[in-house]
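Coordinate-derived values only; no laboratory data. For clarity, every value in this text was computed on a predicted model and none was experimentally measured. Glycine also receives a Cβ, built like all others from the backbone with ideal geometry; neighbour counts cover every protein chain displayed.
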Amino acid sequence: MAIQLGDTAPDFTAETTDGQIKFHQWLGTSWGVLFSHPKDFTPVCTTELGEVARLKPEFEKRNVKVIGLSVDPIESHKAWVGDIKETQGHALNFPLIADSDRKISNLYGMIHPNANDTLTVRSVFVIGPDKKVKLTITYPASTGRNFHEILRVIDSLQLTAKHSVATPVNWKFGEDVIIVPSVTDEQAKEKFPGGWKALKPYLRIVAQPRQ
Ligand code: BEZ
């Protein structure tokens, strides 16, 4: 069965460009982003990996470790990384898993046989410090991902993990949020002493709490 939100992210041992990694141990108390790409030496993947390398400080600011994966062997990953630096201006600065035996791809359902029976699709798993899966998204091989969107979701996940709020459509860090329906007005008065705007009894807008 496909991995669903709230499931424990399966643990594994992997060969990576940074050596052998035991996934849960490597994550430690951090958040994690595990993402697959279809193939080394392909154009869209080259741009994606360069972008993740460029954004690494943004992930680190949020206490997130990033790790990539494809079914290419380690020698291929190592040969390809020079192209990422040369063409994208950013050297690979996070581990890339070589999943030649497809063990991890199968564990996480990253191969969608009706799209391509051998290559991984563009899967993303965001994993919390409790090792639970908080977000899954899947893109086709032909569409490069928007990693700013992944950072945006992480901002929302980290905020909503701490406060009794949810984030509205197109929300970005710093913008107003929504008081979750399970919080009564009485409870909200304590949690949000600055008050809120109720457009409907179930739609209560409040300034974003401090992290
Ligand atoms: C790419 O990264 O450009 C790509 C990889 C596999 C299929 C299509 C595009």
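Neighbour counts of other C-beta atoms within 10 Å: give me Glu175, Glu48, Glu190 arranged from fewest to most. It would help to have the intermediate numbers written out before the result.
Details: Glu175 12, Glu48 22, Glu190 8.
If I rank by nearby Cβ atoms, fewest first, I get Glu190, Glu175, Glu48.
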Could you check which residue among Ala198, Ala166, Ala141 shows the biggest mean-square fluctuation in a GNM of the chain with a 10 Å Cα cutoff?
Ala198
Sketch the reach of a paramagnetic label on Asp101 as a point 7 Å from Cα along Cα-to-Cβ, and name the residues of region 9-39 whose backbone nitrogen lies under 20 Å away.
10-26
Three-way shape call for region 1-111 based on the alpha-carbon gyration tensor, with the a/c threshold at 1.5
oblate
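Under the definition of Cα pairs under 8 Å and six or more residues apart, what whole-number percent is the relative contact order of region 171-211?
On the way: 36 pairs, mean separation 19.9, N = 41.
Rounded, it is 49 percent for region 171-211.
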Note down the nm distance, to one decimal, between modelled labels 7 Å out along Cα→Cβ at Thr118 and at Ala2.
2.5
How about Lys85: which aspartates and glutamates have a C-alpha closer than 14 Å to its C-alpha, ignoring those fewer than 8 places off in the same chain?
Asp40, Glu48, Glu51
In debye, nearest 20: dipole of region 122-211 around its Cα centre with unit charges on the Cβ of K, R (+) and D, E (-)?
200
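Rounded, prolate or oblate: which one fits region 99-140, using the alpha carbon gyration tensor with axes a ≥ b ≥ c (rounded when a/c is under 1.5, else prolate when a/b beats b/c, else oblate)? Before the final figure, lay out each step's value.
Working: a/c = 3.28, a/b = 1.66, b/c = 1.98.
Oblate, because a/c is 1.5 or more while a/b does not exceed b/c.
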Tell me the Kirkwood hydrodynamic radius of region 49-129 in angstroms, computed as one over the mean inverse distance between distinct C-alpha pairs.
13.8
Taking the Cα centroid of region 58-83 and of region 90-112, what is the distance between the two, rounded to the nearest whole Å?
9
For Lys200, go through the lysines and keep the ones whose alpha-carbon is under 20 Å away, minus same-chain ones fewer than eight residues off.
Lys189, Lys191
Given 0.36 nm per residue, what is the gain on full extension from Thr136 to His24 after removing their alpha carbon distance, in nm?
38.5 nm
Restricting to Cα pairs below 8 Å that are 6+ residues apart, what does the relative contact order work out to for the chain? Please round to a whole percent.
21
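At 1.306 mPa s and 10 °C, plugging the Kirkwood radius over alpha-carbon pairs of region 149-211 into Stokes-Einstein gives what diffusion coefficient in µm²/s? Write down the numbers at each step before the final one.
On the way: Rh = 11.9 Å.
Value of D from the Cα-based Kirkwood radius: 134 µm²/s.
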Give the aspartates and glutamates reachable from Lys132 as a straight Cα distance under 15 Å; neighbours fewer than 8 places away on the same chain don't count.
Asp7, Asp11
Can you give me the three principal axis dimensions of the chain from its C-alpha atoms, in Å, biggest first?
60, 38, 33
